[in-house]
Amino acid sequence: MEAEPAVRVSGLVKRYGSKTAVDGLDLSVGRNTVTAVLGPNGAGKTTTVETCEGYRRPDAGTVRVLGMDPVADAARLRPRVGVMLQSGGVYPGARAVEMLRHTARLHAHPLDVDALVERLGLGSCGRTAYRRLSGGQQQRLALAMAVVGRPELVFLDEPTAGLDPQARHATWDLVRDLRSDGVTVVLTTHAMDEAEELADDVAIVDRGKVIAQGSPEELRRAGDGRPEQEALRFRGRAGLDLGALLKALPDGTAAAELTPGSYRVQGPLDPQLLATVAAWCAQVGVMPDRLTVERRTLEDVFLDLTGRDLRS
Amino acid sequence: MTTTAPGTYTPAPGAAPVGRMLLAQTALETRMLLRNGEQLLLTAVIPTVLLVLFSAVDVVDTTGPGRRVDFLAPGLLALAVMSTAFTGQAIATGFERRYGVLKRLGASPLPRWALLTAKTGCVLVTEVLQVALLSVVALALGWSPHGNPFAVAALLVLGTAAFSGLGLLMAGTLRAEATLAAANLVFVLLLLAGGVVVPLEKFPSAVRGVLELLPISALSDGLRAVLQHGAALPAGDLAVLAVWAVLGLGAAARFFRWE
């Protein structure tokens, strides 16, 4: 473990005219981790990442990538950092494999292009020009171009936006393999499940600031005290009398039959609560089918922090 | 689903040697240009058709003694340089900017100067092909060129620099669609008013003084002076081209936006 994090952003401010896109943002990315920068549209995710990539100069604050200044040390940083833009980046008339092979040629020790093409299913693009590829094919090509130079650190800006489930999983698998081979990955997303699936560390960004950062588990736990977001659900006979159950449950717990035969017990979940429910089921002779434990999800955390109003 | 051996992605970063990057980038740029139908129309078909058409039919009453092809060939060589260095390069670069190609390449190990060098290399390769094509067609039509090949090369190089600067200035400041429209419009206007097929003597003298300062006029006039009349080194035309090159490249360097 090295002392200097892969990315260190402190007090970053970036304005476009009168609009403040990033407003005093702090972010630290440990080496060899997957960090998800999660936030609603317009939160400042892309601006932050593009500042780390050296495309934007901070109006205030400092940004260090692999210990260097992304603008001043650009020439030394570029070979070490892989970049996937949110869209575009390829000659409109170029073919997928041609462009990937070209990108590989700009690097000293690139990955095996054919293996990468096969892994990401780019072979099927054939001789089709980039501008006629599907959105998913364009995304996968951009991902391949970001990793083909064997970088230490990759920035992926919404790598799975608009992908079908197969391509999404292929992308996730690749990100996991990158991490286990020692690559640091920073990705932006507004997909909670993506952050939960992949990230060691999640930074929730809203209105240009990081409003929470931690592992998905830590973030979920930070919301204890919102017991209405935890529940046991099960199915049984319709019309069971919940009186005895309610009497046995501790205060602050609610039980209800939502639709005939579908039951929900809400409250702080612990083994004792589960045992109480199970004992009651045994008493009334019901097998609790499809018994599930619902925990607060990252989505709940996210919505609690960023609000439920639609953003313009 | 293929499984990948552990260690496949272990970081091994590094830029390729700059010579390899330059070669790869020049080859890619040239392939993109040769694959583009509209570009080929502009760079190969239009100059060749004009050469054949205007040689065969006396549409424009060319001035001076000698065969029409001796007047036309230098003008169309100038047009070929403009079509590639200015029109073609402006349109291609404008769309590369719009599609984020320049932005993405900015994050690659390829330095910006190497990208611009590769673009210049691509223009020069295309021009060599154009000059070869037009020369073969013109010779078949009975063209008998004169003059010093070094003077011709100097004119072509300075003309390329002047038109590249103006093309990149346009591509780097206007929207891609505006560049497409403007570059084509300028191409047609300069084709008609730049001494390419219509001698500048046909224009009223008041207008003519201005038209002679256009880069296309200087290039076609200079090439004609050498190839048709055997002049040693058309200093005036070279000076006009040099001024355009300095202004165009300087403004492009100052105002070009990569995104």
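Each row is one residue, and each column tells you yes or no for (1) away from chain A (no Cβ under 11 Å); (2) assigned to a helix (DSSP H, G or I); (3) at negative phi; (4) touching a residue at least 40 places away in the same chain (Cβ under 8 Å).
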site	(1), (2), (3), (4)
B:Pro6	no, no, yes, no
B:Pro11	no, no, yes, no
B:Met21	no, yes, yes, yes
B:Leu33	no, yes, yes, yes
B:Leu41	yes, yes, yes, no
B:Ile46	yes, yes, yes, no
B:Leu51	yes, yes, yes, yes
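Only one of these conditions is not met by A:Asp270: (1) without any contact (Cβ under 8 Å) to a residue 40 or more places away in the chain; (2) out of contact with any strand residue (DSSP E or B) (no Cβ under 7 Å at 6 or more places or on another chain); (3) within 25 Å of A:Asn41 (Cβ to Cβ). Which number is it?
Against the list (1) without any contact (Cβ under 8 Å) to a residue 40 or more places away in the chain; (2) out of contact with any strand residue (DSSP E or B) (no Cβ under 7 Å at 6 or more places or on another chain); (3) within 25 Å of A:Asn41 (Cβ to Cβ), A:Asp270 comes up short only on (3).
Filter the stretch B:42-66 down to the residues that are at pLDDT below 90 and surrounded by fewer than 19 Cβ atoms within 10 Å (Cβ to Cβ) and list them by number.
B:Ala56, B:Val57, B:Asp58, B:Val59, B:Val60, B:Asp61, B:Thr63, B:Gly64, B:Pro65, B:Gly66
So, in the stretch A:76-88, how many residues would count as being buried (at least 24 other Cβ atoms within 10 Å of the Cβ) and at pLDDT below 95?
Qualifying residue count for the region: 0.
Does at least one position in the stretch A:133-144 carry a residue that is at the interface with chain B (Cβ under 9 Å from one of its Cβ atoms) and in a helix (DSSP H, G or I)?
Yes, because at least one residue in the stretch A:133-144 is at the interface with chain B (Cβ under 9 Å from one of its Cβ atoms) and in a helix (DSSP H, G or I).
Which condition breaks for A:Arg127 when tested against (1) more than 8 Å from chain B (Cβ to nearest Cβ); (2) closer than 24 Å to A:Val29 by Cβ; (3) in a loop (DSSP other than H, G, I, E, B); (4) without any contact (Cβ under 8 Å) to a residue 40 or more places away in the chain?
So the condition that A:Arg127 fails would be (2).
Output the number of the condition that B:Ala251 fails; it satisfies all remaining conditions of (1) closer than 23 Å to B:Val152 by Cα; (2) in a helix (DSSP H, G or I).
Checking B:Ala251 against (1) closer than 23 Å to B:Val152 by Cα; (2) in a helix (DSSP H, G or I), the one that fails is (1).
Hey, does the stretch A:173-187 have a residue that's crowded, with 22+ Cβ neighbours inside 10 Å, modelled with pLDDT under 95 and away from chain B (no Cβ under 14 Å)?
Looking through the stretch A:173-187, none of the residues is crowded, with 22+ Cβ neighbours inside 10 Å, modelled with pLDDT under 95 and away from chain B (no Cβ under 14 Å).
Give me the strands (runs of 3 or more DSSP E) completely within the stretch A:228-312, filtered to those with at least 3 residues that are over 29 Å from A:Glu197 (Cα atoms), ordered by residue number.
Qualifying strands (runs of 3 or more DSSP E): A:254-259.
Out of (1) hydroxyl-bearing (Ser, Thr, Tyr); (2) modelled with pLDDT under 95; (3) within 23 Å of the chain's Cα centre (by Cα), the odd one out for A:Ser124 is which?
Here A:Ser124 meets the rest and fails (3).
For the stretch B:67-83, what are the residues that are crowded, with 24+ Cβ neighbours inside 10 Å and assigned to a loop (DSSP other than H, G, I, E, B)?
none
Considering the stretch B:103-130 alone, what residues qualify as being more than 20 Å from the chain's Cα centre (by Cα), surrounded by 21 or more Cβ atoms within 10 Å (Cβ to Cβ) and either more than 8 Å from chain A (Cβ to nearest Cβ) or not basic (Lys, Arg) (or both)?
Answer for the stretch B:103-130, where residues must be more than 20 Å from the chain's Cα centre (by Cα), surrounded by 21 or more Cβ atoms within 10 Å (Cβ to Cβ) and either more than 8 Å from chain A (Cβ to nearest Cβ) or not basic (Lys, Arg) (or both): B:Leu105, B:Gly106, B:Ala107, B:Ser108, B:Pro109, B:Leu110.
Report, by residue number, each residue of the stretch A:95-112 that is without any contact (Cβ under 8 Å) to a residue 24 or more places away in the chain, in a helix (DSSP H, G or I) and more than 7 Å from chain B (Cβ to nearest Cβ).
A:Glu98, A:Arg101
Quick one: A:Leu156 ticks every box in (1) in contact with a Cys (Cβ under 8 Å, 6 or more places away or on another chain); (2) in contact (Cβ under 8 Å) with a residue 60 or more places away in the chain except a single one, so which number is it?
Exception for A:Leu156: condition (1).
Would you mind telling me which numbered condition in (1) buried (at least 17 other Cβ atoms within 10 Å of the Cβ); (2) under 28 Å from A:Val65 (Cβ atoms) A:Arg220 fails?
(2)
The values are calculated or read from the model by the stated rules, or taken from the named source; none is laboratory data. Predicted model only: the values in this text are computed from it and were never measured. Positions of Cβ are generated from backbone atoms using ideal geometry, with glycine treated the same way; all protein chains shown enter the neighbour counts.
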